[in-house]
Each structure stands twice: as structure tokens, then as C-alpha cells.
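The values are calculated or read from the model by the stated rules, or taken from the named source; none is laboratory data. All figures in this text were calculated on a predicted structure; none of them were measured in a lab. A quick note on method: Cβ atoms are made from the backbone with ideal geometry, for glycine too, and the neighbour counts reach across all protein chains shown. Heavy atoms of the whole protein, side chains included, go into the accessibility calculation; ligands, DNA and RNA do not. Shrake-Rupley method; radii C 1.70, N 1.55, O 1.52, S 1.80 Å.
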Amino acid sequence: MRGWRKRDAELQRELQSDLELEEEEQRENGLSPEEARYAARRAFGNETLIREQTQEAWGWMRLEQLMQDLRYAMRLLMRAPGFTITCVLILAIGIGATTAIFTLVNTVLLRSLPFPEPDRLVWVSQQDHSLPGVAPESLSYPDYFDWRAQNHTLDGIASYTGATVTMELKGESQRLDVQTVSSNFFRVLGAAPMLGRDLSWEDEKPGNRAVMLSYSFWQSEFGAEPEIVGKSITMNGHSYTVAGVMPKGFEFPIENPAPVFWKSIADEAEGKSPASEQRGFDTLSVIARLRSGVTVEQAKADLSVIAGNLARQYPDNNKQYSSALVEPELAHMTGDTRPALRVLFGAVSLVLLLVCANVAGLLLARGSRRSAEFALRAAIGASPAAIVRQLLLESLLLSLCGGVAGIALAFGLIRAMLTLMPVEIPRIESASIDGRVLVFVLIVSVATGLLFGAFPAWRLSRSAPARALREGGRSLAGGRAQHRLHNGLVVVQTAIGMVLLIGAGLLMRSFVRILDVNPGFDSKHVLTSRVGVPFDETKHNQHYIFYQQLLERISALPGVQAVSAGWPLPMSRFSATVSFNIQGRPVAMADQPSESLGLAMPGYFETMKIPLIAGRDFGEQDGLTGQPTIIVNQAFARRYFPHDNPIGQHIQVGVGDDLFDHPVREVVGVIGDIKRKGLTADADPEYYLPYAQALITNPYLVVKTNGGPAPMQAAIGAAVHELDRSVPVYQAATMEEYLYKSAAQPRFQTFLLSCFAVIALALAAIGLYGLLSYMVVQRTLEIGLRMALGAQRGDALRMIVLRGLTLALAGLVLGMAASAVLTRLISGMLFGVRPTDPVTLAATAALLLAVSVAASCVPAFRASRLDPMKTLREQ
């Protein structure tokens, strides 16, 4: 500092000397003294030059002072490795957990879709007004064609729907996940093939079957053969022409598993009753691209006009679809996961806030031991700003080191979370730390350093030198203001821990309730798989006979208790709703009710342990030549036959096959309700048709075994291939796996929030322990005097424990008040539990108080063991 002041003075003298010489030279040229002084100052830029030079000198001086403070801060932190490592580890936990959750939020919610102008991509559907609320519904091909031709607000609108195909690869029949897409699908997304051509309008016409291969499928199955374009491949017994290959990394829809290729809708336009002509066969998902300058609301209004016209024009199929829904594609894709990720990010932010309070307490405790140092610096001329700057630099160094360690911790946390994360969350498998996350870590580290360092720095900079020197020496109670700050920080930490504990407790109780739900069937020792019997190549009776022979072979395998087949499986996310008409209750076709459809072979309900409430099960009499029959569940019976016996009633279902074409069916049985969509979903009304009388898709095999079902899979595959080696077996899983997946999201949410709550509880306990330990050290002389004057050891023990309990109770009350508001944010994630559940609140309070007592006992016991005489001598 003195060197810079000396340099500044010398610079001022040099400038003044030069100015006087210039003025003398101007007078020699004949100017008056005033004119000479003006000319000299003008030549030197008046005082501006002197001021600029001086400011430059002071700038360099401030920079060197800052570097000097930085070096001093580094030396101080290196001299206290225990304190530094403790702070860095605590910060690493908070910043690392926050970084990991933000990485998930960034990947799922914030990262743009990998297409040109992704903000113009929207998801489109029609709205079903026959259901309560906003009920989106897929489109049929005729409706899609009308929307595509008549809209005025879209640059393009494309359809896609999932499918599976059988294809022989490397000498073995395999079942592959594909997408059936309209010809403009890739143009709407803004993607072009890397090889070959795009799909064209001609590829939508019957006979023009074309496919676009994914890059990975082209690499793995065709060896990246560049001549693949124009060649034919065989799927489901039909020939498809390879139109092109999509670039590496292209994927849409973004789901697991990703489609291996995309086929044109030409085969949907073939046959005697093609899907492309069936208005009312609503199976299409639709994506569109807005025209430049068009808003979502304008597109919604435009498409709603078209939907309303179609509802009036085709009332039998479209009466309830009188408006459209339009939503940004990214918002639609992440809609179900947004609330959960936001709650998790809010929870981890509370953990970070608790970390800041914890480290602030450590800095205050350390600052009290440095009070003499700051008092001395203030006494010799250091300003409060200089002291604040010094302390903030130390805080920023700690937080930046904690940020670096937090990034390393976040890598491990992200890997661990990906193994627990439900697979249904879109794009989650690509979660990684990118540039945006690193910027976030830098901002959080700096903000954290300022947050936990600002208040201690401000507090210590305000201490008067004389008082700081007095409190830094011997005192009976230490600085009272210092203790108040410590107490406030501990109360805040306890309150935050209480909020997180209550949230975790509510989710735990909710998760236990979910696991206690009766799904309506027995999942133990049940193995399921699907068999891809082709429909085009197999006649109706041959198709059913194949399954009959297969079930006979499997039932003869050792370890098999029962075997059957049905569709769809509970918890499998597959469903279909089909309209029906109850005999004796005539209604217009547009007003016919619609419920979930199921297919079952004889023995299916018995194998799945679905109870038969009334009537009988399907049997051999319900086969290819039997009378058309139907079985309904209890929810169906309650809704449609509340005062009548459903057995013997007649229902005509709007679905048929080549043999049974919409026959009137007799209700022969009533079964118990099952949870088809999920454990937390209501049991919807549904009905089942005998598979022999509705061969519309391949059912799932369900095999009940005596022991573990997994080893039985190879034997089932062998039984299938003994009948036909070209038939693939796929989607093998146990029913317990389906149940596990149905609870995956609440399990993940509960696990993470519980982890945050445990961290919060540990940090709150550490903060309370640290405060009481510091208090014992500060009040050692007072405690020694009390004991020397006759106080018992129990009195000292009681004093410290009561202090800890008082702070814990204050934090508990504050946390209860905050949780009354904050837990409402997770009400949508709870099942069977209210946000104000008294059991959870009582258990959480008891746990927090127990931990607080444990944290208080250690320093209290240490205080009670003090030797009064030794303490007085040392003090």
C-alpha cells in the first residue's frame, strides 16, 4: 500500500513539473501568463490526464490489494485443514445433490428438443367432451387426413403410432418395435435422411410399403451397407422398400425402447377394411409444426373449428370430439414428470440452504476466535469494508472448492439415480453434466459463498475494537450477540430439517399405502411373455389351434401349476376402449358407451387368481363354434346393471374378427375388479371376450409356476419353437416386475426425498451439537465457578440439554408452520394420505426431538465432567 502511495505521489510531482515547464515555454513564445497557463493545461489534457493516471494507479493498487487478500485467505484456510475440509465436505454434499437434481431437471425439462426451431413443434389431439375434465383422445386416419387438408395455421401435421413387427435377423425371428408414420413425418420434425430419400405421398398408397431405417439398426443389422437404399426387406411376411437411413442420434418418439425404423402407412390402407378408412378407430398420435408467427392458441382455435365441423358431419363417430387440444411438444412430453422434478429440486434447494446455515455457524464460531485479529486490524486503520472483503474471499474460496468437489459427487449421484429412475421419464437416459450445468454450479457456488459468508462478515466487521478485544479474551459468557446469531442459525436448520422430514414421512406413508393396495390378482410366481403369431399368413382357426397346442405343451412342463393367455396384461400400459350396445337399451350410435376391452382364453382368470364373483369362467364351449359370450367385471356391473342381475344380459360389442363379426353376446360371468392402469388408479369398468371369438391381437402367455418363474422362460421358448421356429417370443417378464414398475415413480420420489431428509437431519444435529459444544467452551469458566460454588454435575448436564431442547422446539414449531404450506405442493404425489397426516407429524416431531437430545447429550456430558479447580486454574 505504501509503495503505491509513493508511486502516486511521484507521478503527481512529475506531471506537475512537466506542466510548469510547458507553461514557461509558452510564456517565452510571447503569451501572457494566463494564456500560457491555459495552453499548457490544454496540451496536457487539463486535469483529466492527471486524474486518469491517478485512477489507473489506484486501480492497480486495488487489484494488488485484492490479490494480497486472496493469498492471505488461502494461507489461513491451509493453516486450518480440519475446518477447511469440514466446510468443503458439507458444501460438496449440498452443491453435489443440487447439481445432480438440476442435471435431471435440465435434461428432462429445460433442454430443447433436438430439432430445428423446436418451439414451433406442438402436440395435437382432439378433446373428448363425454368425459370430465380435459380428456385428450387420439385421432383416426380419416380425421387426421381432414385436419391435414383443412388447417390454416400449421406448416405441417404428421401422424405416428407404435407397432411391432416380426423380422428374421441372423437366422432367428425377432419382434421389433417400429413406428407407422405419415409421409410428411420427418419434414414436420425438420429431419432429413443421411442416406437415400425421404418418404413421399406415394408411400401412403396401398402397395407402396416403404421404411426409413434408424442409424443404429442400419449399423448393427446391415453393416452400414451404403447400397441398402432401394433394397427390399421382409417383415410380417410382406416386402418393404428401404427408402433411406436417418442420421445418427435421431429418435422420435423419444421413448424406451426407441423405434428401430419407421414404416409408411401403406399397409394401413390395404385389406377389405383398412384402418385408413375407419373413422372412429382412434389410434394416432399427432405432431405438428406451427407456421411462423402463429401461436398455440390460434392453432387450437383453427383445429377446433375443423373438429366441430367433423362432429356435426360424422355424429356417429365424432359427436363427442367437438374441439382440439394443442400443446408445445416439450411440455406434453414432460407433463407427468414436471411436478415431481420440481418438488425434488425444491427439496434439494432446502438442503442447500441448510448447508449454508451450517457453514455460516462454523464461520461465526471461527470468527469469534479471530475477534482479536479483526480488532487489531481495525485499530491500526483497516476499514469495515476491508474486513468484509477478506471474510467474503475466504467464503468464496470455500464455496468454489465445495463446488468442484460437488461436481465430482454429482457424477456418482447421477449414475446412482439413473439406476433407480423410472424408465417412463422421457430423455432421462441421456442425463449428463453439460455446459449449462457447469454454469449453474458456478452460480450456485458463488451465491452460496456470498449467502453463508455475508452475514458473519457483516457481523464481525461491526464489532468495536475495544469490545472485540474484551470478548476475545476471558469472559463468562462470550459475546451475547454471537450466541443469538448461533441460536438463530440452529433454529433455521432444525426448521428446514423438519420440513424435509415431514415431506419424506408423507411420501413414505403414501408409498406403504400403495404397496398395500390389492391389485385384484396374484402376481407371485407368474411368468408372462408374448408370442408373435402372424395374422396375415395364419387362418383364424389355425391361429387359435396354435395357442391351444402351445398351452398344452407348456402345461406339461415340470413346475407349471397353470397356464393360459389373455390381453392386455394388468400394469402393462396397453389398453383399448371399444363401444358397445346393451340389448333392450337402444341408443344412437354416437351415444353408445365405451369401456376397456380384454381378451381371455379358458383358465386365464384362475391362473391370475382373479376371483369369479358370479356365473362361470370361459371354457371350451366358448370356442370357435360356441355361442358368443362375454364376461364383465364388478365395476361394469355396478355402472350398467345397478339393479339387475348382469348374468344372462346381452351386449353387442363393436369389435369382431373374420369369424365373429359384431355378434350379440350373452353375459356368462362377473369377475372381481383389477388394477389395470396402475396401483393408484381406480378400477375401471371392463369386459372380456373369449379369445377364440375375437382374434384381433396376440395375447400374453401367463404361466403359474411352483417356484421362481424366471428359469421357465427357456422352456417356454423351446415349446414355441417346436411348433413353429419362425414365431418369435418377446416381452418376457414376471408379473411382480410389472407391479414393481407400476410403483417405480413413487418409490424413486420417496427414496430421494428421504435421502435429503436424512442429510437435513444429520446437518441439523451437527449444527446443534456444534453450537452446544461452542457454548460449553465459551462458558467453561462460568460452569467451573458454578460447580465450585456447589452446583451439581446434573445441573450442568440439565442446563445444556435444556438449551438444546429449547432450540429444537423452536425449530420444530417453525418447521411445522412452514410445512403446513409447503406440503400442499406434494399433495398430488400422495396416495391415501393427507398433507396434514397427524401420524406423520407426530412421528417426525418425535424423531427430531430424539436426535436433538442425542446431539445435546455429548457436549452436556462433557460439561458435567469438568473439574472445577482445574478449570479455574487454567482460566
Next on the checklist: So Phe605 ticks every box in (1) over 14 Å from Phe521 (Cβ atoms); (2) open to solvent by less than 50 Å² (accessible area, probe 1.4 Å); (3) in contact with a strand residue (DSSP E or B) (Cβ under 7 Å, 6 or more places away or on another chain) but one. Which box is left unticked?
Outcome noted: (1)
Checklist entry - Does at least one position in the stretch 294-304 carry a residue that is part of a helix (DSSP H, G or I) and more than 26 Å from Phe185 (Cα to Cα)? => result no
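Among the residues of the stretch 480-525, how many are assigned to a loop (DSSP other than H, G, I, E, B), under 28 Å from Ala347 (Cα atoms) and touching a residue at least 60 places away in the same chain (Cβ under 8 Å)?
1
Just to check your reading of the model, which residue among Ala588, Ala576 is within 26 Å of Asp684 (Cβ to Cβ), of a type outside the set (S, T, N, Q) and out of contact with any strand residue (DSSP E or B) (no Cβ under 9 Å at 6 or more places or on another chain)?
Result of the check over Ala588, Ala576: Ala588.
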Next on the checklist: Suppose we filter Asn645, Asn581 for residues that are part of a strand (DSSP E or B) and of a type outside the set (Phe, Trp, Tyr); which single one remains?
Outcome noted: Asn581
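Could you tell me which of the residues Val563, Val526, Val499, Val533 is crowded, with 18+ Cβ neighbours inside 10 Å and touching a His at 6+ places or on another chain (Cβ under 9 Å)? Before the answer, list the steps.
Values: Val563 fails: touching a His at 6+ places or on another chain (Cβ under 9 Å); Val526 fails: touching a His at 6+ places or on another chain (Cβ under 9 Å); Val499 fails: touching a His at 6+ places or on another chain (Cβ under 9 Å).
Only one candidate passes the filter, namely Val533.
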Checklist entry - From the list Ala135, Ala97, Ala80, which one is in the same structural domain as Phe411 (by TED's automatic domain parsing), aliphatic (A, V, I, L, M) and open to solvent by less than 20 Å² (accessible area, probe 1.4 Å)? => result Ala97
Checklist entry - Which one of the conditions (1) in contact with a strand residue (DSSP E or B) (Cβ under 8 Å, 6 or more places away or on another chain); (2) open to solvent by 20 Å² or more (accessible area, probe 1.4 Å); (3) on the phi < 0 side of the Ramachandran plot; (4) assigned to a loop (DSSP other than H, G, I, E, B) does Ala192 fail to meet, given that it meets all the rest? => result (1)
Checklist entry - How many of the residues in the stretch 735-757 are closer than 15 Å to Val351 by Cβ and among the small types (Gly, Ala, Ser)? => result 2
Next on the checklist: Among the residues that make up the stretch 581-591, is at least one of them surrounded by fewer than 16 Cβ atoms within 10 Å (Cβ to Cβ) and farther than 28 Å from Phe281 by Cα?
Outcome noted: no
Checklist outcome for this item: Checked against (1) outside any loop (DSSP other than H, G, I, E, B); (2) under 30 Å from Met417 (Cβ atoms); (3) open to solvent by 60 Å² or more (accessible area, probe 1.4 Å), Ala149 satisfies every condition except (2)
Next on the checklist: Within the stretch 539-560, does at least one residue satisfy the condition of being open to solvent by less than 30 Å² (accessible area, probe 1.4 Å) and assigned to a strand (DSSP E or B)?
Outcome noted: yes
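Just give me the residues in the stretch 76-127 being among the aromatic types (Phe, Trp, Tyr) and part of a helix (DSSP H, G or I), in sequence order.
Phe83, Phe102
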Checklist entry - In the stretch 791-817, which residue that is part of a helix (DSSP H, G or I) and surrounded by fewer than 16 Cβ atoms within 10 Å (Cβ to Cβ) is nearest to the chain's Cα centre (by Cα)? => result Ala817
Checklist outcome for this item: Of the conditions (1) within 26 Å of Phe281 (Cβ to Cβ); (2) not in a loop (DSSP other than H, G, I, E, B), the single one that Arg638 does not satisfy is (1)
Next on the checklist: I'd like to verify a number: residues in the stretch 617-674 that are over 41 Å from the mean Cα position of the chain (by Cα), crowded, with 21+ Cβ neighbours inside 10 Å and among the aromatic types (Phe, Trp, Tyr), how many?
Outcome noted: 1
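Okay, residues lined up against (1) over 34 Å from the mean Cα position of the chain (by Cα); (2) modelled with pLDDT of 95 or more:
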residue: Phe186; (1), (2): no, yes
residue: Glu204; (1), (2): yes, no
residue: Asn208; (1), (2): yes, no
residue: Ser216; (1), (2): no, no
residue: Lys231; (1), (2): yes, no
residue: Met235; (1), (2): yes, no
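Checking the conditions here, which among Val326, Val286 is outside the structural domain of Gly190 (by TED's automatic domain parsing), within 20 Å of Ala149 (Cα to Cα), in a strand (DSSP E or B) and touching a residue at least 40 places away in the same chain (Cβ under 8 Å)? Quick ask: steps written out before the conclusion?
Numbers: Val286 fails: outside the structural domain of Gly190 (by TED's automatic domain parsing).
Result of the check over Val326, Val286: Val326.
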Next on the checklist: So, in the stretch 259-315, how many residues would count as being open to solvent by 30 Å² or more (accessible area, probe 1.4 Å), of a type in the set (Val, Ile, Thr) and in contact with a Leu (Cβ under 7 Å, 6 or more places away or on another chain)?
Outcome noted: 1
